[in-house]
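Since the structure comes first, as structure tokens, the remarks are kept for the end.
Values in this text are rule-based calculations from the coordinates and carry no lab data. Fair warning: this is a prediction, and the values are worked out from it, not measured in the lab. FYI the Cβ positions are ideal-geometry reconstructions off the backbone, even for glycines, and counts take in every protein chain you see.
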There are 2 protein chains.
Amino acid sequence: MLHIVKIGGKIIDDKALLNPSLENFHALNGPKILVHGGGKSANFLSHKMGLRTQIIEGRRITNRTTINVVVMSYAGLTNKTLVARLQAIGCNTIGLSGADGNLIRSNRRPVKSIDYGYVGDLYEKSINIYNLSTLMKVGFVPVFCAITHDGKGNLLNTNADAIASFLAISLSKTHKTVLHFCLEKKGVLRKSNEEDSFLEKMNVDDFRKFKQENLITGGMITKLENAFEALQKGVNQVNIGHPYYLNKSKEKTILCL
Amino acid sequence: MLHIVKIGGKIIDDKALLNPSLENFHALNGPKILVHGGGKSANFLSHKMGLRTQIIEGRRITNRTTINVVVMSYAGLTNKTLVARLQAIGCNTIGLSGADGNLIRSNRRPVKSIDYGYVGDLYEKSINIYNLSTLMKVGFVPVFCAITHDGKGNLLNTNADAIASFLAISLSKTHKTVLHFCLEKKGVLRKSNEEDSFLEKMNVDDFRKFKQENLITGGMITKLENAFEALQKGVNQVNIGHPYYLNKSKEKTILCL
């Protein structure tokens, strides 16, 4: 069983949450991949650099200076900090952007009404399965930040949930694959702020209904879209839940079609 | 023949120099490793972060904020930019800090009269030869920044010349190894600013003499110390020269014992 685990910024920024999350990741049996979001450091750094963070429809507008800032923050500080901590507990991680080993290519998003700048969208053959499988076969545990490349020398900012989902889809051709989206909640909540109202199972119809009722909003919509797409395209299981329960079969939302 | 090529900040900061340097690196036959210094971006970033750059005996004092800045700059922006550009010309690079794959460990420098902070010194078994050889055997070209780790979760700032030298020494046990220190000059100059006064050969006695005569000063002393140490410990050849002549057997300073 191959595990792909996505952790977001809120987990990265909270030490009390991050350390047990990394231990639970390390404890997963079999091949595994960690994908991480950004955390506060990119915003902090942007602020110090005098950049205005501009977000349209949940996506950061990424000009030349902003891509430099997010590469520094995601591929530099966040990625290497996670790798060093995982190495310290005996997990033989290797930190990666999509440029490394040509592992993840993307297309710069075409300019329509909005120019998102250096933002890369994934496509069907984005993942270099051969190089990635080779790395894993010889014993390395990949830790991906959400930076990809276009193969022409440009680094591009890509949604971390989408990277996790595309990795899972691509690798499900050769492995039984479980995709875990970790957040600081037990799963998809029926009542916001009521931790124990999490759904044990959720299907596409529930998702549509909850979206209409505004129970699910913002970034969670994109996350669930990526999650259901993964299930539809061959990933064996997709979970949404708290990293404390990563290695447990319950206490999380398990998605089904 | 295994080639280990070190490029410094001045090459990285000069586009007109960097691009042909990367092409010449790619054109080298056989297995190869690139090691890079920092460039201006760490100083620029430090300035933006309101940090005062403090350098004692050629070494940066690295407090908690400074290590974060150099990790962002070296392991993030500089490393990934080089990797993306090399991938664009078909060189299957993978960008690495010493924490990745547990490839380079160091000891935090003990506090004597000066506390250098998060600075790591290499030791005899710093290089994880097994993991590094495995990566290279399966087809990846390592690109190292000058960040190492202590195996306890801490990232440490390490001299890039020393990393290049230790890599060459460790790998010379299994490969015929050439170590190239690239700079923006043709080699070690007999008369500073007279490009064509470069020495074709230089031995340890010349080095001692030139040091006494103040012909060699500052960072060049450390570089040459690392270079001669590499030769003494089994590296087959050490060159100092301009990246334009990387693939040529002349137009550079070749060191000998």
Item checked: Label distances, nm, A:E124 versus same residue in remaining copies, Cβ-directed 7 Å point -> 5.7
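Grab the other residues whose beta carbon is less than 14 angstrom from that of A:L45, score K and R as +1, D and E as -1, and report the net. Mind showing how you got there, number by number?
Details: positive: A:K40, A:K48, A:R52, A:R60, B:K48; negative: A:D13.
Net of charged neighbours comes to +4.
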Margin query: Only bridges whose two residues both fall in the protein assembly as shown count here: according to DSSP, what percent of them are antiparallel, nearest 5?
Written below: 30
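Which of the peptides A:83-95, A:44-56 is most tightly packed, and how do the rest follow, judged by the mean count of other Cβ atoms within 10 Å per residue? Intermediate values should be presented prior to the final figure.
On the way: A:83-95: 22.2, A:44-56: 13.2.
With the highest mean Cβ count within 10 Å placed first, the list reads A:83-95, A:44-56.
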Notebook entry, point to check: Can you give the Rg and Dmax of the protein assembly as shown based on its C-alpha atoms, in angstrom?
Noted result: 24.0, 82
Next item on the list: Could you work out the relative contact order of chain A, using alpha carbon pairs under 8 angstrom and six or more residues apart, expressed as a whole percent?
Entry: 22
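DSSP loop trypsin sites (Lys or Arg not before Pro) in segment A:90-149 with at most 16 other Cβ atoms within 10 Å of their Cβ, which ones?
Details: sites: A:R105, A:R108, A:K112, A:K125, A:K137; in loops: A:K112, A:K125.
In loop regions of segment A:90-149 (DSSP not H, G, I, E or B), the sparsely surrounded trypsin sites (Lys or Arg not before Pro) are A:K112, A:K125.
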Item checked: Exceeding the 21 Å Cα-Cα cut-off - candidates A:K6/A:K223; A:K80/A:K176; B:K32/B:K211; A:K10/A:K152 -> A:K80/A:K176; B:K32/B:K211; A:K10/A:K152
Next item on the list: Sort out for me the Cα centre separation of segment B:21-40 from segment A:197-235, rounded to whole Å.
Entry: 46
Checklist line | MRE, 222 nm, helices only [DSSP H, n ≥ 4, -39500 (n - 2.57), over the protein assembly as shown, to nearest 500] | finding: -9500 deg cm²/dmol
Next item on the list: Could you work out the per residue convex hull volume over the alpha carbons of chain A, in cubic angstrom?
Entry: 127
Next item on the list: Would you mind listing the distances between the A:H47 label point and the same position in each other copy? Use 7 Å along Cα-to-C-beta, nm, one decimal, shortest first.
Entry: 2.3
Margin query: Quick check: net charge around B:H26, other residues with Cβ under 12 Å of its Cβ, Lys/Arg +1 and Asp/Glu -1?
Written below: +1
Notebook entry, point to check: DSSP loop GluC sites (Glu not before Pro) in segment A:208-257 with at most 13 other Cβ atoms within 10 Å of their Cβ, which ones?
Noted result: A:E213
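Count, for each residue of A:135-143, the Cβ atoms from other chains sitting within 10 Å of its Cβ, then give me the mean as a whole number.
Working: counts 6, 0, 1, 6, 4, 8, 1, 0, 1.
Rounded to a whole number, the mean comes out at 3.
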Notebook entry, point to check: Looking at segment B:111-203, which chymotrypsin sites (Phe, Trp or Tyr not before Pro) are DSSP coil and have at most 15 other C-beta atoms within 10 Å of their C-beta?
Noted result: B:Y123
Margin query: Just to be sure I understand: of the beta bridges DSSP finds with both ends in chain A, what percent are antiparallel, rounded to 5?
Written below: 30
Notebook entry, point to check: Considering only the other residues whose Cβ falls under 11 Å of the Cβ of B:P142, what net charge follows from Lys and Arg at +1 and Asp and Glu at -1?
Noted result: -1
Notebook entry, point to check: For the rotation that superimposes chain A on chain B, which residue of A has the C-beta lying nearest to the axis, and at what distance in Å?
Noted result: A:G76, 1
Margin query: Can you give me the C-alpha center-to-center distance between segment A:140-180 and segment A:64-98, rounded to a whole angstrom?
Written below: 14
Item checked: Inter-copy spacing of A:N107 label points, which lie 7 Å from Cα along Cα→Cβ, given in nm from shortest upward -> 5.5
